[in-house]
Every structure is written in structure tokens, then in C-alpha cells.
1. With the dipole of the chain worked out from charges on the C-beta (+1 for Lys and Arg, -1 for Asp and Glu) around the Cα centre, which of 170, 93, 60 lies farthest toward the positive end?
2. Expressed in nm to one decimal, what extension gain is obtained for the pair residue 123 and residue 27 from 0.36 nm per residue of sequence separation less their Cα-Cα distance?
3. Antiparallel versus total DSSP beta bridges in the chain: what percent is that, nearest 5?
4. Would you kindly find the accessible area of residue 274, with a 1.4 Å probe and non-protein molecules such as ligands, DNA and RNA excluded, rounding to the nearest 10 Å²?
5. Using only protein heavy atoms and a 1.4 Å probe, report how much of residue 177 is accessible, in Å² to the nearest 10.
6. Largest first, how would 185, 137 line up by accessible area (1.4 Å probe)?
7. Towards the positive end of the charge dipole of the chain, with charges on Cβ (+1 Lys, Arg; -1 Asp, Glu), say which of 187, 151, 254 has the farthest Cα.
8. Please find the FRET efficiency linking residue 56 to residue 213, where r is the Cβ-Cβ separation and R0 is fixed at 25 Å, and quote it to the nearest 0.05.
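The values are calculated or read from the model by the stated rules, or taken from the named source; none is laboratory data. Just so we're clear, the structure is a prediction, and the values are computed from it rather than from any experiment. So basically every Cβ, Gly included, is an ideal-geometry build from the backbone, and we count neighbours across all protein chains shown. Accessible surface is based on the protein model in full, side chains and every heavy atom, while ligands, DNA and RNA are left aside. Shrake-Rupley method; radii C 1.70, N 1.55, O 1.52, S 1.80 Å.
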Amino acid sequence: METRELRYFVAVAEELHFGRAAERLGIAQPPLSRAIQKLERRLGVTLLERTNRNVALTRAGSVLLREGRAALDAVDAADRRTRRAAHVEPGLVLVTKAAASSELLQKLLDAYAAEPGAISVDVLLCGPGEQERLLRDGRADVALLHRPFDSTAGFDTEELRTENQVAFLPAGHPLSTRPHLRMADVTDLPGLPMPRWPASDGTYPDGPGPQVRDHAQLLQLIALGRASAVLPESAATYLREGLAAVPILDAPKVTTVIAWPPHSRSRPLALLVRTATTL
């Protein structure tokens, strides 16, 4: 398969519409349709079920979408990392979710800067779930990820810490004065729905909760009495007036890991990982 064919297929598979995919790619629709048909003939499988009104992925098409995204990310990563390697001043790009693991990140950056052989580290702050994609496509060299929310499949990782979770509630709520809670207590609180975070494609799942893109927005909604949330206990460092955090006994634990591409041979990156595990 050619990279061009993969890009064509991924566009159609994501849009599920040949016209929108052609517009996104900047080409006419007929050559796009022919390219997909040629790809199907070469593979000997049907990738898309087409009707007059709908386009749907087959089981084989779903597999190629997943694998094709990974392959295109690898190509983009090779391009970006090759160009960056030619820079006179080398540096590392570390991506992390905004407002997550802030205390750990500050300690890591300070400890690494003090190490002989350290180079500059640019911190790229992103929205929930975006770290993985930025690391896969080469825009970042290393990431702080949080299991079970982020996937670490295909990366080398080291665990840094595991923590419990707490319920963030408006101060003054009847549950805010309890010593601890259980997930059943906070799952469907009247008037305080859980937030809806965007998926990797930017769309939001259905549900009654407010759409949020960052923790600052979420915390303000909680303080206003419009939402509640279950967050790692380290997020309690952001407690302010109008908020309360109560431990949840049966919430799944959250593990912070440092992750990097398995083929990396960067000595400065190895030093950063070693510094992180020492911390």
C-alpha cells in the first residue's frame, strides 16, 4: 500500500462520506472513489459498504482504519523527528495533559535540568486524551500518560506513581462533609452530572453532563454547582474556594507513567526517563 492510498482511505473512513473526504483532501470525488476501489481489489477485501445514502466500514475496513492511522502517524513522526534532528540546538518535547501531574512535572524538570548532559525541554500542554496522538505522530518525544484513561500500547513506559481518586463537589453539598464516598454515591448525583470529555476525533459522547475541554473549565462548573467529577487525588492541589474533594474508596486507581517510542535511541531522553524513575 502507498501512503497516499492510506491517507485517502482514512479520510473516507473518518468522514463516512466520499464528498466530504474529497473536499478534505483537496481532490475531486471520482479519483478518490477509484483509488479506494483499487485498494480493495489489491487487498482482496471489501473495506466500505456503500449505499445511495450511507457509507459504512466493514470489519476489514475498521482494522485498516486503526492500522492505517498508526502507519500514517509513524510516517509523520519520521518526518518531524528527522527535521528536528537537523536543528543546531537539540531539545526534547514533553507532552502532558494541562493541569495534570503539575507537581510531579515541576520536580522532574528541575531534577533533569541539574543533570550533566541535560538539554532543553519544551513542555507541550494539551487537552485530555491528546498526549498519546502527539507522541505517536512525532510532535512530542516523551509523554506523561495516565492509566487507565490513556492507552500506552506500542510505547515503552515506566510507572512513576499510583494514586487514589477523589470526588470534586461544590462546597456546601451534603456529600462534601463526609470522610469518604463510594462510586455509587457520585455516579448520578441530581443536578451534578459528570463532565463529557472530547474523544480523539474531537466529538463528545452523548449524555447530560457539560462538555469540557480542560480542568480549569471543569473546576469552575463544579464551583457553580453545575457538575461533579472524579479526579486523581493529586488534583486536590487545585482546591479553591467553592470546591471540596472527598476520597472515593472503590474508585479505580490512576497510574502516571512516562512513555516514549520504543525505537528511540536518544541519550537525553534516556536521562530524562532515568531521572523520572529516580524521583
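1. Farthest towards the positive pole: 60.
2. Details: separation 96, 0.36 × 96 = 34.56 nm, distance 3.64 nm.
My answer for the length gained is 30.9 nm.
3. The antiparallel proportion sits near 70 percent.
4. Estimated to the nearest 10 Å², residue 274 gives 140 Å².
5. 120
6. Working: 185 55, 137 5 Å².
Highest to lowest solvent-accessible surface, that is 185, 137.
7. So the residue furthest toward the plus end is 151.
8. 0.25
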